[in-house]
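Okay, structure first, notes after.
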Amino acid sequence: MNDDDRNDEFAEFEEDGFDSALLEEELRQAAAILDPVPAELSRIAVDAYALHDLDARIAELTFDSVVDAIPVRGATDVPRMLTFRAGEVTVDVEVTGQGLMGQVLPPQPARIEVLSGPQSAAPLTADTMGRFTGDAPPAGPFALRLRTGGAVVVTEWLRA
């Protein structure tokens, strides 16, 4: 087969049209067979979507002691201090190896969920002063979801 024959064959292929949707479906099927998505990852993705709250306000990280604080010489096992803000609501959190504690400002009762992958932690409750504690330190990426009255605030995701 010479170059002219190949060009003629290519021209026929272009004239017949190229079905990109068919190619995409065949590639999806090949990927599903050769490199399937782990079942645990699919379950986590579905759970994360189910937890998605369209009315939630995103609390922006405004302070992280890992980045913003001045290190103290000789200090070991220093707690990580985080501050999140969403509008008028501020959440201060201290993360240690023993767990976390924090405060919602302005002080108000709240229900706090620690989001951290497939395992769901028991919800925490902030008292009337906005204070809360949790005995289990978050492992891996985590975020907090606060429900205060009718408002829902979700913090940015961070790695513990």
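In nanometres, what is the gap between the two model label sites at V67 and D127, each 7 Å from Cα along Cα-to-Cβ? For V67 paired with D127, the spin-label model returns 3.3 nm. Taking every protein chain into account, the 1.4 Å probe leaves V67 with about 110 Å² of accessible area, to the nearest ten. Computed from the C-beta positions of E60 and A32, the FRET efficiency with R₀ = 30 Å rounds to 0.20. Annotation for E88 and S42: the two label points, set 7 Å from Cα along the Cα-Cβ direction, are 4.6 nm apart.
The values are calculated or read from the model by the stated rules, or taken from the named source; none is laboratory data. It should be emphasised that the depicted structure is a prediction, and the values quoted were computed from it without experimental measurement. All Cβ positions, even for glycine, are placed from backbone atoms using ideal geometry, and neighbour counts span all protein chains on display. SASA here: full protein model, heavy atoms, side chains in, ligands and nucleic acids out. Shrake-Rupley method; radii C 1.70, N 1.55, O 1.52, S 1.80 Å.
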